[in-house]
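Visitor: Here it is, the structure, as structure tokens.
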Amino acid sequence: MEYETNNWIWDGMYNHPHVFGGLMLTAALLGLSTSYFGGITVPQLPYLWSDSGIFHKKKCDKKHIRVYMDGCFDLMHYGHANALRQAKALGDELVVGVVSDEEIIANKGPPVLSMEERLALVSGLKWVDEVIPNAPYEITEQFMGRLFSEHKIDYIIHGDDPCLLPDGTDAYALAKKAGRYKQIKRTEGVSSTDIVGRILSSLKDTNDGENQTETSLHKTPENQPKSASLSQFLPTSRRIVQFSNGKGPGPNARVVYIDGAFDLFHAGHVEILKNARQLGDFLLVGIHNDETACEHRAKYPIMHLHERSLSVLGCRYVDEVIIGAPWEVTMDMITTFNISLVVHGTVSEYNSSLTGESNPYSVPKSMGIFKLLESPKSITTTSVSQRIIANHDAYLKRNAKKKESEKKYYAQKTYVSGD
């Protein structure tokens, strides 16, 4: 707590002259009589006055900052999550606008995910406090006024990569002109355009490998499809720490475990993780490595292990992840992590007939700690990929346009501080 320092003594004398005079007289007498009281020291007057409550105390309250960031958030990935993490760090509350389907079509091309699916993904992120559906692609004067007046937004946030309208103008020009714009650093190595490219490339890999046996195509490193090596992601320990909660379960916490590939992190993943978290106090998520996922799904994941791990870590319902979790849930694993319940969704892309192995949940089943959860959504990684493949030509055209703008961005790129 801080006090006003400008003329507060004179204000006290003016408003409370009798009390002020009495305090001064008492202090003077005590000061002259310290030898009589055996060396008793006298507290400083400001201390006495602060406790007396005579003078007005003024708190220096920090202003509550609300920041706004928008996006399409189509094929949501760890780059989106990291952008919103950075945005949240610039304020106290983060409000996120999810651009409407119509605006995406007009400015970028057809979205892969529906508004409902994109809202579920954004709302499921641990850094998001509030969501505005059907936000405009451009920060117009009318919408900016609404942000400032209705939503009490202090700053509008965007990455250092340009966001241009079809006519070539800056979508955030008005926010910059108003002095209410702040910039964050773009997350390198991933974009929705990049992911669409990987999916289209995986289709080509499948067509090229039709005459090869499943074993030779998928289970040997030399025959790994090209789409699995397209990622430019540069994993760092710092990024994992930034996404992590940094807390373990309490001594008596009920730890719930769920595992999977969690490839192309989608609304179905968010909903099943939400339901799993409600069954305990701490949700531990096992993420299978690329080879394990391939062995049991007959194809490599679109996203690499570390990319998938960050996507899961960004989910607000997840407390901790095991990066490269074993396929089988063993007794040692249950003991090590003090797991109380193992769950699995009814919608799964794993095919047990591919390997002929025993059930990976046989141990928790024998212990009576296994539960099959009804998956809230039927969406899968494959069904998302099929949406893109079904509109192959439209997405090829969209990607070609986006790749040109990204190529220009990288050609003009300079170092931007931040993380």
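Visitor: Which pairs break 27 Å Cα to Cα here: K63/K108; K247/K371; K176/K247; K88/K274?
Guide: Among K63/K108; K247/K371; K176/K247; K88/K274, the Cα-Cα distance tops 27 Å for K63/K108; K176/K247.
Visitor: Average projected area of the Cα convex hull of the stretch 294-348, in nm²?
Guide: On the way: hull surface 19.3 nm².
The orientation-averaged projected area of the Cα hull of the stretch 294-348 comes to 4.8 nm².
Visitor: Quick one: 3J(HN,Hα) in Hz for the stretch 383-397, Karplus 6.51/-1.76/1.60 with θ = phi - 60°, rounded, Gly and Pro as x.
Guide: Each residue of the stretch 383-397 in turn: 5, 5, 4, 5, 5, 6, 5, 5, 10, 3, 5, 5, 6, 4, 5 Hz.
Visitor: For a quick check: with amide H placed at 1.01 Å from N, whose amide H comes under 5 Å from L125's, ignoring anything fewer than 5 positions away on the same chain?
Guide: Hits under the 5 Å cutoff: R316.
Visitor: Which of A106, V95, M76 sits farthest toward the positive end of the charge dipole of the stretch 68-132, with +1 on the Cβ of Lys and Arg and -1 on the Cβ of Asp and Glu?
Guide: M76
Visitor: Summing +1 for each Lys or Arg and -1 for each Asp or Glu, what net charge is found among the other residues whose Cβ lies under 12 Å from the Cβ of P235?
Guide: In short, +1.
Visitor: If D281, D319 are ordered by their accessible area, calculated over protein heavy atoms with a 1.4 Å probe, which sequence runs from highest to lowest?
Guide: So the residues, ranked largest to smallest area, are D281, D319.
Visitor: Also, quick follow-up: Check which residues have an amide H placed less than 5 Å from G159's amide H, if you skip close sequence neighbours.
Guide: So G159 has HN proximity to I184.
Visitor: Still on this model: What does the highest-first list of 360-369, 378-387 look like by mean Cβ count within 10 Å?
Guide: In descending order of packing, they fall as 378-387, 360-369.
Visitor: Work out the length of the dipole vector of the stretch 237-381 about its Cα centre, built from +1 on the beta-carbon of each Lys and Arg and -1 on the beta-carbon of each Asp and Glu, and round it to the nearest 20 debye.
Guide: Computed charge dipole of the stretch 237-381: roughly 480 debye.
Visitor: Would you please give the residues with an amide H less than 5 Å from that of G97, counting only those at least 5 places away or on a separate chain, with H modeled from the backbone geometry?
Guide: So G97 has HN proximity to M69, D70, G71, I132.
Visitor: Further question: Pulled fully out, how much extra length does the chain show between A253 and K152, if you take 0.36 nm times their separation in residues and subtract their Cα-Cα distance?
Guide: 32.5 nm
The values are calculated or read from the model by the stated rules, or taken from the named source; none is laboratory data. Worth saying up front: this structure is predicted, and the values here are computed from it rather than measured. Because the Cβ atoms are built from the backbone with ideal geometry, glycine has one as well, and the counts that use them run over all protein chains shown. Side chains are part of the model used for accessible areas, which takes the heavy atoms of the whole protein and leaves out ligands, DNA and RNA. Shrake-Rupley method; radii C 1.70, N 1.55, O 1.52, S 1.80 Å.
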